[in-house]
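> Handing you this structure, nothing more for now.
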Protein chains: 2
Amino acid sequence: MKIVALAGGIGGARFLRGLRAAAPEAEITVIGNTGDDISLFGLRVCPDLDTVMYTLGGGIDEEQGWGRSGETFAVKDELAAYGVGPSWFGLGDRDFATHIVRTQMLAAGYKLSAVTEALCARWRPGVRLLPMTDDQVETHVVVTDPEKGRRAIHFQEWWVRLRASVPAESIGAVGADDAKPAPGVLAALDEADVVLFPPSNPVVSIGTILAVPGIRDAVAANTVVGVSPIIGGAPVRGMADACLTAIGVETSAAAVGALYGPGLLDGWLVAEADADVRVDGVEVRSRPLLMSDPEATEELARAALDLALELKR
Amino acid sequence: MKIVALAGGIGGARFLRGLRAAAPEAEITVIGNTGDDISLFGLRVCPDLDTVMYTLGGGIDEEQGWGRSGETFAVKDELAAYGVGPSWFGLGDRDFATHIVRTQMLAAGYKLSAVTEALCARWRPGVRLLPMTDDQVETHVVVTDPEKGRRAIHFQEWWVRLRASVPAESIGAVGADDAKPAPGVLAALDEADVVLFPPSNPVVSIGTILAVPGIRDAVAANTVVGVSPIIGGAPVRGMADACLTAIGVETSAAAVGALYGPGLLDGWLVAEADADVRVDGVEVRSRPLLMSDPEATEELARAALDLALELKR
């Protein structure tokens, strides 16, 4: 069986760990969001790809859900001592090594997809991890800064530095229109038996992946089941509500289901608290969505996969 | 008083610390060797400049004489886990931050001299530290590898990886012929009251600095006193003998004094064990040369400075 999953960071990575457990024989291809990528200190940082890689490879800081376990911060402290910022992005020493390897390979002419494959040769995540594109796509957010006025900032500055506390007036994936899917992405979607959307951010993770021309159509041609990132009107984690508000979508399982819509989704898994949710043209089922432990996560992934196989024609 | 010193790494840095103590009111300009510089993991590493900066700035690992105090090696271990080398060059986490800042500034278009000034803004070494050139000069060593035959390798590979155990057939500063002295170098030499050569390697440190067109003549026009890096036929530290052999010079205080010669040197400080050394046209004095503690080092620097002032016409 061939499964393709689109994934953002923490929620997507945890779901994928459950999926790998639920379908150990399946060939799983993960199309990772790269819109959150950012250059810091001259190094290329790919937060979502790394969160998937570290989580599935056993190197993640389990508690915080991102970054490396057993991490230290000597490099970051030294950079601060030099007065070199930004200080708001928490890069640890072990993590720095990943970005150093990636940056060196990119500078040598390797594409991000090749770099990701090389990094995964160490981590052996048990899935094939592909960036959505080898081209540069950066999610930018328009905010009105009390001091600097209306301006576009990098998603990470809004998300991490400002903790999404300033309203996003708009969110856009700069460069997406001209981006091409990375090698292997369209072929994997073409060959997939089913496609799954983990409970990743529907705007800045799944939405950004779908913004790369060609990916939305290839996804839509398949049997797709999504897992709602919203339970009872609030995001399970993160600040997806701030992103949904920016694009004029209510923070509810129903509204996110409708955002994807029947053009994309065949099935939609919502929480038991949202059992009454209906989405026109989409088969909605309610299940426990909290990925509170490996067993619950595996159960959730199995439910999504089973629904997809049931709906597959 | 204005003093210019040419400096390599450990020996030069320690001597400079003594000189700063011996002449606290003097304006000291250090022209640092950059022939040892190397790009590792996509980062630009300047071992000699950093050793001077860390030593005078209070950040050096006193025991080993290079690298940062309290150093950790998380990044290096992770790079090794990725299978990314070389592993023979010991970069610590704190040290990595320096190279990250430098590389980012170089990529932004700053010259090495401006980068060095920016790094020194943190370390406040109490001297003006200038790279000998902003151009790329790399010391290469020709060796006969038992497996790969005769070939040129980077100085660091010969010095650090091979510990100079393979004879150097020749040593050359690649790029030196076309290099220009960094901004401030010739002006500092022009304005200097005296010029000092610390007990740095006469071939790959002082010799490389002198190989940048314009520097040798500007040095020679001044009153110059050198401190012998050789005591009783052996280098005080390091493997200067391997370098001297490569250029056909005996490992002795007399031979190194003659290598610089009266065209460059006015005075030459040798160890008490070498009190009988004579160099035609050069005033030779013997003194305790071992920089065994701060007081002995200051005393040595004062002796070099006093001799220079005495010989100054």
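The values are calculated or read from the model by the stated rules, or taken from the named source; none is laboratory data. Here the structure is a predicted model, which means the values were calculated and not measured. Heads up, the Cβs are rebuilt from the backbone with ideal geometry, glycines too, and the neighbour counts pull from every protein chain shown.
> Look at residue A:132 and say whether it is touching a helix residue (DSSP H, G or I) at 6+ places or on another chain (Cβ under 6 Å) and over 22 Å from residue A:213 (Cα atoms).
Working: touching a helix residue (DSSP H, G or I) at 6+ places or on another chain (Cβ under 6 Å): yes; over 22 Å from residue A:213 (Cα atoms): no.
In short, no.
> Continuing with the same structure: Just to verify a result, which residue in segment A:85-116, among those that are assigned to a loop (DSSP other than H, G, I, E, B), modelled with pLDDT of 95 or more and within 13 Å of chain B (Cβ to nearest Cβ), is nearest to residue A:185 (Cα to Cα)? Please lay out each step first, then the result.
So the first thing to find is which residues in segment A:85-116 are assigned to a loop (DSSP other than H, G, I, E, B), and the list is A:85-92, A:108-111.
Those still in the list that are modelled with pLDDT of 95 or more too: A:91-92, A:108-111.
Remaining after also requiring within 13 Å of chain B (Cβ to nearest Cβ): A:91-92, A:108-110.
On the way: A:91: 29, A:92: 30, A:108: 23, A:109: 20, A:110: 17 Å.
Among those residues, the one meeting the criterion is A:110.
> A further question follows. If I ask for residues that are farther than 18 Å from residue A:56 by Cα and touching a residue at least 60 places away in the same chain (Cβ under 8 Å), which ones from segment A:91-131 would you list?
A:103, A:106, A:111, A:112
> To continue, here is another question. Examine segment A:44-53 for a residue that is modelled with pLDDT of 95 or more and over 19 Å from the mean Cα position of the chain (by Cα), and state whether such a residue exists. Steps first, please.
If we filter segment A:44-53 for residues that are modelled with pLDDT of 95 or more, which is where we start, we get A:44-53.
Still in the running and over 19 Å from the mean Cα position of the chain (by Cα): none.
No, segment A:44-53 has no match at all.
> Is it the case, given these coordinates, that residue B:174 is more than 23 Å from residue B:18 (Cβ to Cβ) and modelled with pLDDT under 95?
For residue B:174, the condition - more than 23 Å from residue B:18 (Cβ to Cβ) and modelled with pLDDT under 95 - is not met.
> Looking at segment B:1-54, which of its residues are surrounded by fewer than 21 Cβ atoms within 10 Å (Cβ to Cβ), farther than 25 Å from residue B:223 by Cβ and of a type in the set (A, V, I, L, M, F, W, C)?
The answer is B:38, B:40.
> Just one of the numbered conditions (1) surrounded by fewer than 24 Cβ atoms within 10 Å (Cβ to Cβ); (2) within 27 Å of residue A:23 (Cα to Cα) is not true of residue A:214; which one?
The number of the failed condition is (2).
> Pick from segment B:225-241 the residues that are crowded, with 24+ Cβ neighbours inside 10 Å and of a type in the set (A, V, I, L, M): which of them is farthest from residue B:303 (Cα to Cα)?
B:240
> Next question, about the same structure. Take segment B:137-191 and flag every residue that is among the polar types (S, T, N, Q) and out of contact with any helix residue (DSSP H, G or I) (no Cβ under 9 Å at 6 or more places or on another chain). If you could, list the steps in order and put the result at the bottom.
Taking segment B:137-191 first, the residues among the polar types (S, T, N, Q) are B:139, B:144, B:156, B:165, B:170.
Selection gives B:144 alone.
> Before we move on, is residue B:189 part of a strand (DSSP E or B), more than 14 Å from chain A (Cβ to nearest Cβ) and in contact with a strand residue (DSSP E or B) (Cβ under 7 Å, 6 or more places away or on another chain)? Lay out the reasoning, then the answer.
Details: part of a strand (DSSP E or B): no; more than 14 Å from chain A (Cβ to nearest Cβ): yes; in contact with a strand residue (DSSP E or B) (Cβ under 7 Å, 6 or more places away or on another chain): yes.
No.
> Can you give me the number of residues within segment B:1-57 that are without any contact (Cβ under 8 Å) to a residue 12 or more places away in the chain and of a type outside the set (S, T, N, Q)? Give the derivation first.
First pass over segment B:1-57, keeping only residues without any contact (Cβ under 8 Å) to a residue 12 or more places away in the chain: B:24, B:39.
Still in the running and of a type outside the set (S, T, N, Q): B:24.
Of the residues in segment B:1-57, 1 are without any contact (Cβ under 8 Å) to a residue 12 or more places away in the chain and of a type outside the set (S, T, N, Q).
> Quick check on my filter: what residues within segment B:45-84 are in a helix (DSSP H, G or I), within 14 Å of chain A (Cβ to nearest Cβ) and out of contact with any strand residue (DSSP E or B) (no Cβ under 7 Å at 6 or more places or on another chain)? Give the steps one after another, and end with the answer.
Residues of segment B:45-84 that are in a helix (DSSP H, G or I), as a first pass: B:47-57, B:74-81.
If we keep only those that are within 14 Å of chain A (Cβ to nearest Cβ) too, we end up with B:50, B:53-54, B:57, B:74-81.
B:50, B:57, B:74, B:75, B:76, B:77, B:78, B:79, B:80, B:81 - these are the residues of segment B:45-84 that are in a helix (DSSP H, G or I), within 14 Å of chain A (Cβ to nearest Cβ) and out of contact with any strand residue (DSSP E or B) (no Cβ under 7 Å at 6 or more places or on another chain).
So that you can scan it fast, the table gives a plain yes or no per residue for (1) within 26 Å of residue B:4 (Cα to Cα); (2) in contact with an Asp or Glu (Cβ under 9 Å, 6 or more places away or on another chain); (3) of a type outside the set (Lys, Arg):
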position	(1), (2), (3)
B:144	no, yes, yes
B:149	no, no, yes
B:158	no, no, yes
B:163	no, no, no
B:176	yes, yes, yes
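> For residue B:41, are the conditions met, namely being among the aromatic types (Phe, Trp, Tyr) and more than 20 Å from residue B:300 (Cβ to Cβ)? It would help to see each step written out before you state the result.
Numbers: among the aromatic types (Phe, Trp, Tyr): yes; more than 20 Å from residue B:300 (Cβ to Cβ): yes.
For residue B:41, the condition - among the aromatic types (Phe, Trp, Tyr) and more than 20 Å from residue B:300 (Cβ to Cβ) - is met.
> Test residue A:127 against the criterion of being within 14 Å of chain B (Cβ to nearest Cβ), under 21 Å from residue A:183 (Cα atoms) and at pLDDT 95 or above, and give yes or no.
Numbers: within 14 Å of chain B (Cβ to nearest Cβ): no; under 21 Å from residue A:183 (Cα atoms): yes; at pLDDT 95 or above: yes.
For residue A:127, the condition - within 14 Å of chain B (Cβ to nearest Cβ), under 21 Å from residue A:183 (Cα atoms) and at pLDDT 95 or above - is not met.
> Mind checking which residues of segment B:13-26 are more than 22 Å from residue B:114 (Cβ to Cβ), among the hydrophobic types (A, V, I, L, M, F, W, C) and not in a loop (DSSP other than H, G, I, E, B)? Show your work before the answer.
As a first pass, look at segment B:13-26 and keep what is more than 22 Å from residue B:114 (Cβ to Cβ): B:14-15, B:17-26.
So of that shortlist, the ones also among the hydrophobic types (A, V, I, L, M, F, W, C) come out as B:15, B:19, B:21-23, B:26.
Result: B:15, B:19, B:21, B:22.
> If you go through segment B:27-44 one residue at a time, do you hit one that is among the charged types (D, E, K, R), in contact with a Phe, Trp or Tyr (Cβ under 8 Å, 6 or more places away or on another chain) and either assigned to a helix (DSSP H, G or I) or within 21 Å of residue B:181 (Cα to Cα) (or both)?
Within segment B:27-44, the first condition is being among the charged types (D, E, K, R), and the residues that meet it are B:27, B:36-37, B:44.
Next, from what is left, pick out any that are in contact with a Phe, Trp or Tyr (Cβ under 8 Å, 6 or more places away or on another chain): B:36.
Narrowing further to those that are either assigned to a helix (DSSP H, G or I) or within 21 Å of residue B:181 (Cα to Cα) (or both): B:36.
Checking segment B:27-44: at least one residue is among the charged types (D, E, K, R), in contact with a Phe, Trp or Tyr (Cβ under 8 Å, 6 or more places away or on another chain) and either assigned to a helix (DSSP H, G or I) or within 21 Å of residue B:181 (Cα to Cα) (or both).
> For segment B:132-151, which residues satisfy the criterion of being exposed (fewer than 15 other Cβ atoms within 10 Å of the Cβ) and assigned to a strand (DSSP E or B)? Steps first, please.
In the first step, residues of segment B:132-151 are kept if they are exposed (fewer than 15 other Cβ atoms within 10 Å of the Cβ); the result is B:144-151.
Correct list: B:144, B:145, B:149, B:150, B:151.
> Could you please give the count of residues in segment B:291-301 that are of a type in the set (Gly, Ala, Ser) and assigned to a helix (DSSP H, G or I)?
Narrowing segment B:291-301 to residues of a type in the set (Gly, Ala, Ser): B:292, B:296, B:301.
Checking which are assigned to a helix (DSSP H, G or I) leaves us with B:296, B:301.
Residues that pass the stated criteria total 2.
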